[in-house]
Structure formats: structure tokens, C-alpha cells
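Worksheet: one structure, shown below.
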Amino acid sequence: MISEQKQIRTLLEERILQFKAWSDTSPKATGNLTVRKFPCQVELLDFRTSKERQPSGQAKLRVILSNKRQLWSAEMTMSFFTRTVRKPGYEDLKPGIYFHTFPPSGKPELIKSFKIIMNTPGAYEPADFNEWFHYWIQRVLKDPCIKSLFANKQLISENEIDAELFGQ
């Protein structure tokens, strides 16, 4: 019998490899997402992997959203850790998926962490990577903790026509 920690580690290692392969195809923005009932999309800016002490991966993402009057953007990261990471000045990062935003201070600010993913519905079932990625992005966007991302948003356009056409 494989332990749950081993299952989580194996799953995350597979998803890191899938994410890397997906990012190499220069994917388009992920659409059909919502934030507080407003349409949004997520663009992949960069994806890096590391095998220093453990396999890990980090995607830098841009969230673009429309409130029907303006277009806004904010950046966040989606990180995968296959084993516990200990960093000075931070809480231990258990195996799982972490979303961070970057306030002007420069120190990453945790939006939400999903530490125990094997018991989470939808966390590992989708065989298709796009479905899996969409699931986790939409899950963090619906979480009340997303307000920390909004605190760091930047205005892209005040043109109502751009905002109304966004997401169509």
C-alpha cells in the first residue's frame, strides 16, 4: 500500500512535468473563468522547475479581469512543492499547491494554499491537464482570500468598450 504522502508526491511530480510540457507549447490565456461574477482570464507568463533538493515548479500568471467598465490585471504565482519546504521567516510549506501575489514590498504574500489534495474533489481526477489547471485556477479565484490579489491589481484600460468586449 502506497502512503498518502507518496501518492501526493507522485501526483505533484507528474503535474509538474505536464505543466512544463504544456508551458512549452506557449498556451493561450485560460478563459471562461469568473472572479466575483465578473469574467476573467489567466495568462501564463513563465514556468520554472527545480530539482535542487526536490522536484518543484512555479508558474508566474497574469489575471486579467473586467468589471464591465474597466480592465484590470494582477500577477500571481502558482507553486508546486512535492515535499515540505522550510524557509526562514515563513511557515513550513507542506506538499501541495500554493498561490502567492507580490505586493509593492516585494515579499510574496500567500493568497491560498491547498496542502492535502488527494482528499479534494477534482484535485487529481482530470486526466487532461487543461481541465486540472482550470479547476485549480477557478478554485483559488472563488476563494475569499483572493482579496489580497485585488489589493495589487493595476488598471489596464478605462475604455468601457474594451471592458465589455473582454471575455466574449
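The values are calculated or read from the model by the stated rules, or taken from the named source; none is laboratory data. Keep in mind that what you see is a predicted model, and the values were worked out from it rather than measured. Here the Cβ positions follow ideal geometry from the backbone for every residue, glycine too, while neighbour counts run over all protein chains shown. Surface areas here come from the heavy atoms of the whole protein model, side chains and all, with no ligands, DNA or RNA. Shrake-Rupley method; radii C 1.70, N 1.55, O 1.52, S 1.80 Å.
Per this entry, A59 is not counted among residues that are in a strand (DSSP E or B), open to solvent by less than 50 Å² (accessible area, probe 1.4 Å) and either polar (S, T, N, Q) or touching a residue at least 60 places away in the same chain (Cβ under 8 Å) (or both).
For first residues located in segment 11-27 and within 16 Å of L61 (Cβ to Cβ) and modelled with pLDDT under 85, partners that are open to solvent by 20 Å² or more (accessible area, probe 1.4 Å) and assigned to a helix (DSSP H, G or I) and lie 6+ apart or on another chain with Cβ distances below 9 Å form the pairs P27/N130.
Taking segment 69-91 as the range and being part of a strand (DSSP E or B) and open to solvent by less than 10 Å² (accessible area, probe 1.4 Å) as the test, the residues that pass are A74, M76, T77, M78, S79, F80.
Restricting segment 92-121 to residues that are within 15 Å of the chain's Cα centre (by Cα) and at pLDDT below 75, the residue that is most open to solvent (accessible area, probe 1.4 Å) is K115. Against the definition (within 16 Å of the chain's Cα centre (by Cα) and more than 24 Å from K142 (Cα to Cα)), how does T10 come out, yes or no? So T10 fails the test.
Here is a check on your reading of the model: is K142 within 21 Å of V35 (Cα to Cα), modelled with pLDDT of 75 or more and open to solvent by 70 Å² or more (accessible area, probe 1.4 Å)? For K142, the condition - within 21 Å of V35 (Cα to Cα), modelled with pLDDT of 75 or more and open to solvent by 70 Å² or more (accessible area, probe 1.4 Å) - is met. Per the conditions (1) of a type in the set (A, V, I, L, M, F, W, C); (2) modelled with pLDDT under 80; (3) loosely packed, with under 14 Cβ neighbours inside 10 Å, the sole criterion not satisfied by A151 is (2).
If you take the residues of segment 92-115 that are part of a strand (DSSP E or B) and touching a His at 6+ places or on another chain (Cβ under 7 Å), which of them is nearest to C40 (Cα to Cα)? The residue in question is I111.
Is it true that some residue in segment 24-45 is loosely packed, with under 12 Cβ neighbours inside 10 Å, farther than 23 Å from K115 by Cβ and among the hydroxyl-bearing types (S, T, Y)? Yes, segment 24-45 contains at least one residue that is loosely packed, with under 12 Cβ neighbours inside 10 Å, farther than 23 Å from K115 by Cβ and among the hydroxyl-bearing types (S, T, Y).
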